[in-house]
Ligand code: NAD
């Protein structure tokens, strides 16, 4: 069986970090006989430079045809002056909407070796391993009607609509329950059911779905309490599931618990489990081309791709273990180096993960 993977390096540090992730995927391919077929295409600013637009038709076609997509990052000052409609970020949004990637998986993992990088006390965050499942294509960010109108008294009023259809709740619920089943078996659904009817329905549907997942322990939490618990005792969580807006905010808070943006992978999935995988960070133009970028978030995104879309869990585990091994060996790029530890460049870090994977 062949797995067709489309690689979209993008801009800034994108090509540097994707190169390292590709090396790791190729090593995993050899070790686990995965049958990977990796091709690449243009997206973002680099696509604008060549074709005039951030998401060329050839890229979209290749993305639709691929089993999974690995993206670096897009954007940079070179394209900041362009019209909003053809900015690099539109390439990313176009991929998400065309591929109907409604399920956003954002793990917040703090490797014990990096506990000093967090702004919280090491004992609170060391070993943290949370997965936030965020609904990505619905809720208040997309609900109609929306706008700014002028009232009869001449005052302006802004309004949005927080709306979820039952089917939208069920499909993100399924992603979350299945992720919880594959991890620690605990799912916390976050809502504001004491105030918002849309989340009363959300809660009802999660409860209904729980009967199909007797092996998953479902709990509910109001979003204000969830924010508080994330910074008070984050290790109580395994998987959290929530709507678009709450997920936007909570996933950033959870990400920062780990203190290092260069370590955080993410996935965006469609209904069939096909996905686009990318680091949570941007294209870091301030360090692009200098060999300073941390490739681990992209390498960990590749591991997520193997686990969630390609069903190659053993290879995913082996990549994650290899990352842990290089951290144990004391290798640090500048963003995760603490207490004057010696730093390594992007390529050295990628090579070390390959070597730990091959020898693991
Ligand atoms: P950023 O995430 O690119 O950078 C923020 C800071 O983190 C910078 O100091 C950067 O050097 C550092 N950093 C980021 N990734 C790193 C890594 N792997 N290793 C080491 N250090 C790293 O965010 P920004 O500066 O706000 O945005 C820069 C560009 O990226 C903008 O054009 C923005 O639109 C774009 N962006 C793209 C995405 C995406 O493609 N998904 C996401 C966010 C921002």
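Values quoted throughout were computed directly from the atomic coordinates according to the rules given, and no laboratory measurement underlies them. Predicted model only: the values in this text are computed from it and were never measured. Counting neighbours? That spans all protein chains shown, and the Cβs are built from the backbone with ideal geometry, glycine included.
In percent, what relative contact order does the stretch 253-341 have, based on Cα pairs under 8 Å that are 6 or more apart in sequence? Write out the running numbers ahead of the final one.
Values: 104 pairs, mean separation 24.5, N = 89.
Averaging sequence separation for qualifying contacts and normalising by length gives 28 percent for the stretch 253-341.
Label-point separation (nm) for residue 58 and residue 311, each offset 7 Å from Cα along Cα-to-Cβ?
Spacing of the two 7 Å Cα→Cβ label points: 3.3 nm.
Could you please rank 168, 197, placing first whichever residue has the fewest other Cβ atoms within 10 Å of its Cβ?
Working: 168 19, 197 9.
Placing the least packed residue first, the sequence is 197, 168.
Rg and Dmax of the chain, Cα atoms, in Å?
For the chain, the Cα-based Rg and Dmax read 20.6, 73 Å.
Antiparallel versus total DSSP beta bridges in the chain: what percent is that, nearest 5? Write down the numbers at each step before the final one.
Numbers: 19 of 45 bridges.
Here the share of antiparallel DSSP bridges comes out near 40 percent.
Give me the percent of DSSP beta bridges within the stretch 129-257 that run antiparallel, rounded to the nearest 5.
Numbers: 4 of 17 bridges.
Bridges in the stretch 129-257 are about 25 percent antiparallel.
As a footprinting exposure proxy, order 134, 183, 149, 170 by other Cβ within 10 Å, with the fewest listed first. List each step's numbers first, then the result.
On the way: 134 28, 183 16, 149 10, 170 13.
Exposure proxy ranking, most exposed first: 149, 170, 183, 134.
Can you tell me, using C-alpha contacts under 8 Å and at least 6 residues apart, the relative contact order of the chain as a whole percent? The partial results should precede the final answer.
Details: 767 pairs, mean separation 78.4, N = 360.
It comes to 22 percent, rounded to a whole number.
Based on the Cβ-Cβ distance of residue 245 and residue 197, what FRET efficiency does E = 1/(1 + (r/R0)^6) give at R0 = 22 Å, to the nearest 0.05? All intermediate terms of the calculation are to be shown ahead of the outcome.
Numbers: r = 15 Å, r/R0 = 0.70.
The pair residue 245/residue 197 has a calculated efficiency of 0.90.
Which log10 I(q)/I(0) values does the stretch 211-360 give at q = 0.09, 0.10, 0.14, 0.20 Å⁻¹ under the Debye formula, counting every alpha carbon as one identical point scatterer?
-0.35, -0.44, -0.84, -1.38
Figure the gain on full extension for residue 84 and residue 123 (residue separation times 0.36 nm, minus the Cα-Cα span) and round it to one decimal in nm.
Numbers: separation 39, 0.36 × 39 = 14.04 nm, distance 4.42 nm.
The residue 84-residue 123 span can extend by a further 9.6 nm.
With a ≥ b ≥ c taken as the square roots of the eigenvalues of the C-alpha gyration tensor of the stretch 247-311, please select rounded if a/c is under 1.5 and otherwise prolate if a/b is larger than b/c or oblate if it is not? Please list the in-between numbers first.
Details: a/c = 2.24, a/b = 1.41, b/c = 1.59.
Verdict is oblate for the stretch 247-311.
Using a 10 Å cut-off around each Cβ, can you sort 141, 308 from fewest to most neighbouring Cβ atoms? If you can, show how the numbers build up before the last one.
Details: 141 15, 308 24.
The order, fewest Cβ neighbours first, is 141, 308.
For n ≥ 4 DSSP H runs only, could you compute -39500 (n - 2.57) per run for the chain, divide by its residues and tell me the 222 nm figure to the nearest 500? Don't skip to the answer; put the middle values down first.
Values: 12 runs with 148 residues, N = 360.
One gets -13000 deg cm²/dmol as the mean residue ellipticity at 222 nm.
At 0.36 nm per residue, minus the direct Cα-Cα distance, what do residue 159 and residue 252 gain on full extension? Give it in nm, one decimal, please.
On the way: separation 93, 0.36 × 93 = 33.48 nm, distance 2.47 nm.
Roughly 31.0 nm would be gained on extension.
Give the Rg (one decimal place) followed by the Dmax (whole number) of the stretch 129-257, computed from C-alpha coordinates and expressed in Å.
Gyration radius and largest Cα-Cα distance of the stretch 129-257: 16.0, 56 Å.
Please give the contour-minus-distance gain from residue 148 to residue 233: 0.36 nm per residue of separation, less the Cα-Cα distance, rounded to one decimal in nm. Don't jump to the answer; show the numbers that get you there.
On the way: separation 85, 0.36 × 85 = 30.60 nm, distance 3.96 nm.
The residue 148-residue 233 span can extend by a further 26.6 nm.
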